[in-house]
Amino acid sequence: MAERCAVVGIGQTKHDTKRTDVSLPGLLREAVGRAFEDAGVTWRDIDAVVIGKAPDMFEGTMMPELYLADALGAVGKPMLRVHTAGSVGGSTALVAASLVQAGIHERVLTVAYEKQSEGNAMWALTLRIPFQQAIVAGAGGYFAPLIRAYVARSHAPEDTGIRVALKDRQNALKNPYSHLVFPDISYEMIAESPMLWDPIRYMETCPSSDGACALVLASENAARRSPNPPAWVWAEAMRSEPTMFAGRDQVNPRAGRDCAAELYRKAGIEHPRRDLDVAEIYVPFSWFEPMWMENLGFAPEGEGWKMTQEGATALDGDLPVNPSGGVLSSNPIGASGMLRFAESALQVRGQAGAHQVDGARKALGHAYGGGSQFFAMWIVGSDKP
Amino acid sequence: MRGGDGRGTGGSLMREVAVVAFAQSPSVRREVERNEVEMLMPVVREAIARSGIAKSEIGFTVSGSCDYLAGQPFAFVSALDAVGAWPPIVESHVEMDGAWAFYEAWVKLQTGEADSALVYAFGKSSMGDLPDVLTLQLDPYYVAPLWPDAVALAALQARAFLEATGRSERDLAAVAVRSRRDARTNPMAQLAGDGNVDALLAEPYLVSPLRKHDCPPISDGCAAIVLAAGDLARRAVRRPAWIRGIDHRIEAHALGTRDLTRSASTAEAGRRAGVGQGSVDVAELHAPFTHQELIVRDALGLGDGVRINPSGGALAANPMMVAGLVRIGEAARRVLDGEAGRAVAHATSGPCLQQNLVCVLEAGA
C-alpha cells in the first residue's frame, strides 16, 4: 500500500434495545462526538465521510446517507455509503482506510450504525416470493443448521456454546457501552434459558440493538498530531463467495480462510495464535467462536472448541477473544463489525479500560455477513508497520 | 488533502487508471422475464470479454444497487451469482449509483492493492412505484411523512431555476427534443423520437412547470465497466480511456438550506476533477430532468461547443442506480472508440441533485 493509515479516534454509543432518547442523527453524533474528542479534531479537520449500515429496511429510510449528510458534517465533502450485509461495519472501515492508503485524504470519518428499534429485523431479514420461500426464521434459523453440522463434525462437547456465552457475558460487565448486562450471569442461567433454534439458546444469542460506532482514520502525517496513541493498520482483507452452490462448505467457508491467509501474509504473521494478542471477532451466536477459531487458523480444523473449553479465549487466556463482550452483548447490526474493528484498536492503544488485555500490541478485528459468505478483517498494532 | 495542484483527486501523484471496457443492457420499462442476476450475467460477461482481461485476473469487484427498488433486503447478495464469485473474490458494494462503486474501484487501484476492477450496477424500478419509493430517501422525521414524490421535488427545483435564470419552458423542451432525437441511434435507449418543441409545449403539465417530456422514463437495466491500471490497460485495449480526474461532493439534504437553482457540489467536483483544464469534446451528464441538464452544464462551465449526451442521457433511459455508471461508460466508450479525445462524465444521487460525481476521461498515454 502507498500510505500508512492509523486509527486516531474511536467513539461508540451506549447500546440499548431502544434509544428513544435520540433520533437517527442524534445516535450517530453521540459516537462521532466521542471519536472527535479522542482524536482531538473538529468537523473542519475531516476530508471525507464513509458511512455503513445493514439493510435500509431496518429503519425504513432509503439510502439514509443522503439525509445524514447534514448531521455528519459531510456537506461540501465526498461521502460514500457501503453495504455488504453483516460484514458492513468492517468493510466500511476498510473503504475509509483505502482513501487514506491511496493518498487521497488525510483524515476520514467513518461511521456505522443500526437503530433496530425503528423496525423489525426478523421481518426485514426475510426474503419473500418471488425471491425465495418466506421462512421468517431470522438469522438464527439460517445459522442453527450450520452449527449442528459443526457439532456433528467436530464432536465438540454440548456445552461449548454455553461456555462462550458465559465468557462473553462476563466480559460485557467490564464494558460500559454494553447493551446486555447480567450482573449475576451464571452457567446455569444460560443452560436453563429457552432453546430458540436448536442448539442455540436464548442466552446464546445476540440482541437487537440501537447503536453506532465512529472512527477517525488518519495518514501518518495527520496521526503525528493526534493527542492519543494511534492504532496502526498493519493489514486488511476482504473476501466474498456466493450464498449457495453444491459442495459449498458453509461451516468453514473458503472465503474466510482465504481472507485470513491474505491478512496474515500482509501482516507477516506466521502463527496467528502466538503472534496476535487479542481478537475481536463477529460471534452473533455462541458457537461461532469455535467455528471461527478454526476458520481463522487459530486452531486446527475440528479443534476450535478446545480453545473455548480450555479457557484460552477468556480475558486471561493466551488468546482473549471478544474481551468487549462481543456481538452477543451489543448488536446494532450495521455497526457490529465496526465495533470489532474499533475494539481491536482500543486494545492496542491501551484504551480498553476494564476489559483491557495486558500488554496487547497486535489485534485482529473480524466481521462476517450474509450466509457466512462476506468477510472483512484487519490487523492493527501499537507499532508502525 | 491532495489536489491542490488543481487536478483534484486525480492529481499528478495518482496512478494511471483507465476504463477498458463497458457494457450495458437495453433499458426497458418492465423486464418481466429476467431477474437481476439474469439481466446482469450477459452484461458482465460482455464487459469482461471486451476488456481482454481474464475474469480470474480481475483484482477487485464492486457493485452499486439499492434494496428499496426490489423492496427486499440484500439485493446485491444474490447479484453476486452473476459474477461467479468462486474461488472467493475481493468484493465490495455501495448502496448508491454504480458511479460511486466506480469511484471505490478507482480508489482501490490507487492503493496498489489491485491492478484491475470490475464495476457493475443494476436496478429494476418496475418492482415498485418509483416516485413513491424515492420519497423514502427524504428526512424521515419532517419531510417523508408529507410524502412529496420525486417528480414534485424536481418541479420545485425547476420552478426556482426558471424564475432565477430567466430561462423558459421552451429551453427545457429543447433539451428533451435533442435527447430523444439522439437516442434514436442508441439501441440501449428506452425513449427515442423525433418530436419538436412546439408540439411538446402543447402538452399539459405533469407537475408544473414540468411536462411529461421533462421527466425521465422509469427503467429496468444494468451495466458493467472494467478498469485497469497502467500497462495492463495499455495491453488490454488499443485506446484506453484514462481517468484524468475524478471527484464527488454532497450537499445538504434539507432542500430549504441550499440554492436549488445551482449545483455547487457539481461545480466543486468538476473543478477538482479538472474539467476546465482542457477542451471537452463530449459530456455525458446524469440529468434525469430537463432543467437539471442546464444546471449541471452551467456548474461544469460546458460551452456550446460541447456535445451533450449523445446517448440520449437519462431522459432516454434512467435505470436507477445504473444511469450514473452508464454516463461514465458512454463517455469512456467514445474515447475508446476514437470519437472523442477528452470526455466528461457526471453522475447524481438524491433529490434535486444533492450528490454529484464528475470524471474526466482522456485518450493518450
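The values are calculated or read from the model by the stated rules, or taken from the named source; none is laboratory data. No experiment lies behind these values; they were computed from the predicted model shown. Please note: Cβ atoms are built from the backbone with ideal geometry, for glycine as well, and neighbour counts cover all protein chains shown.
Considering only residues in the range B:281-309 that are over 30 Å from B:Y142 (Cβ atoms) and touching a Lys or Arg at 6+ places or on another chain (Cβ under 6 Å), the one that is surrounded by the most Cβ atoms within 10 Å (Cβ to Cβ) turns out to be B:E284.
B:E91 meets each of the listed conditions (1) surrounded by fewer than 20 Cβ atoms within 10 Å (Cβ to Cβ); (2) within 26 Å of B:R15 (Cα to Cα) apart from (1). Going through (1) at pLDDT 95 or above; (2) out of contact with any helix residue (DSSP H, G or I) (no Cβ under 6 Å at 6 or more places or on another chain) one by one, A:G297 falls short only on (2). When B:V37, B:V44 are checked against the criterion of being in contact with a Leu (Cβ under 9 Å, 6 or more places away or on another chain), crowded, with 23+ Cβ neighbours inside 10 Å and either part of a helix (DSSP H, G or I) or not aromatic (F, W, Y) (or both), B:V44 stands alone in meeting it.
The lone criterion from (1) over 16 Å from B:I243 (Cα atoms); (2) surrounded by fewer than 24 Cβ atoms within 10 Å (Cβ to Cβ) left unmet by B:G312 is number (2). The requirement of being more than 10 Å from chain A (Cβ to nearest Cβ) and modelled with pLDDT of 95 or more is satisfied by B:S51.
At least 2 residues being among the charged types (D, E, K, R) and surrounded by fewer than 22 Cβ atoms within 10 Å (Cβ to Cβ) is the threshold, and among the helices (runs of 4 or more DSSP H) wholly inside the range A:234-337 those reaching it are A:254-267, A:272-275.
For every residue, the table says whether it meets (1) buried (at least 24 other Cβ atoms within 10 Å of the Cβ); (2) touching a Phe, Trp or Tyr at 6+ places or on another chain (Cβ under 8 Å); (3) free of Cβ contacts under 8 Å to residues at least 24 places away in the same chain.
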position	(1), (2), (3)
A:A2	no, no, no
A:G9	yes, yes, no
A:L24	no, yes, no
A:V50	yes, no, no
A:M57	no, yes, no
A:M62	no, yes, yes
A:T84	yes, yes, no
A:A93	yes, yes, no
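Entry remark, the range A:25-83: residues being of a type in the set (D, E), farther than 21 Å from A:S117 by Cα and in contact with a Lys or Arg (Cβ under 6 Å, 6 or more places away or on another chain) number 2 in total.
Restricting to the range B:261-317, name every residue that is of a type in the set (K, R) and either in contact with a Ser or Thr (Cβ under 9 Å, 6 or more places away or on another chain) or free of Cβ contacts under 8 Å to residues at least 60 places away in the same chain (or both). Within the range B:261-317, B:R262, B:R272, B:R297, B:R307 meet the criteria.
Among residues that are crowded, with 17+ Cβ neighbours inside 10 Å and facing another protein chain (nearest Cβ under 7 Å), B:V62 is not included. Considering B:F102, B:F74, B:F122, the condition of being within 7 Å of chain A (Cβ to nearest Cβ) and either at pLDDT below 95 or under 25 Å from A:Q373 (Cα atoms) (or both) is satisfied by B:F74 alone.
If the condition is being more than 9 Å from chain B (Cβ to nearest Cβ) and under 24 Å from the mean Cα position of the chain (by Cα), then the range A:245-256 contributes A:D249, A:Q250, A:V251, A:N252. Within the range B:240-255, is even one residue modelled with pLDDT under 95, in contact with an Asp or Glu (Cβ under 8 Å, 6 or more places away or on another chain) and over 30 Å from B:E36 (Cβ atoms)? Within the range B:240-255, one or more residues are modelled with pLDDT under 95, in contact with an Asp or Glu (Cβ under 8 Å, 6 or more places away or on another chain) and over 30 Å from B:E36 (Cβ atoms). Can you find a residue that is within 22 Å of A:G103 (Cα to Cα) and out of contact with any helix residue (DSSP H, G or I) (no Cβ under 8 Å at 6 or more places or on another chain) anywhere in the range B:111-127? Checked against the condition, which is being within 22 Å of A:G103 (Cα to Cα) and out of contact with any helix residue (DSSP H, G or I) (no Cβ under 8 Å at 6 or more places or on another chain), the range B:111-127 yields at least one hit. Counting only residues that are within 14 Å of another protein chain (Cβ to nearest Cβ) and closer than 17 Å to B:A269 by Cα, which one in the range B:337-351 is nearest to the chain's Cα centre (by Cα)? Top of the filtered list is B:A347.
Count of the range B:127-142 residues, restricted to those that are in a loop (DSSP other than H, G, I, E, B) and either under 22 Å from B:P319 (Cα atoms) or in contact (Cβ under 8 Å) with a residue 60 or more places away in the chain (or both), is 6.
If you go through the range A:27-59 and keep only what is within 20 Å of A:A367 (Cα to Cα) and either within 14 Å of chain B (Cβ to nearest Cβ) or modelled with pLDDT under 95 (or both), you end up with A:V50, A:I51, A:G52, A:K53, A:A54, A:P55, A:D56, A:F58.
Of all residues in the range B:147-160, none satisfies being within 11 Å of chain A (Cβ to nearest Cβ) and of a type in the set (G, A, S). Total residues in the range A:246-275 satisfying the condition of being within 21 Å of A:D318 (Cα to Cα) and either of a type in the set (S, T, Y) or in contact (Cβ under 8 Å) with a residue 40 or more places away in the chain (or both): the figure is 8. When the range B:244-272 is filtered for residues that are within 18 Å of B:A18 (Cα to Cα) and touching a Cys at 6+ places or on another chain (Cβ under 6 Å), only B:I246 remains. A count restricted to the range B:50-80 and to residues that are more than 24 Å from A:D56 (Cα to Cα) and either of a type in the set (S, T, N, Q) or touching a residue at least 24 places away in the same chain (Cβ under 8 Å) (or both) stands at 10. Residue-level check: of (1) surrounded by 18 or more Cβ atoms within 10 Å (Cβ to Cβ); (2) within 12 Å of chain A (Cβ to nearest Cβ), B:G112 misses just (1). Of the set (1) more than 23 Å from the chain's Cα centre (by Cα); (2) among the aromatic types (F, W, Y); (3) surrounded by 16 or more Cβ atoms within 10 Å (Cβ to Cβ), all apply to A:Y142 but (1).
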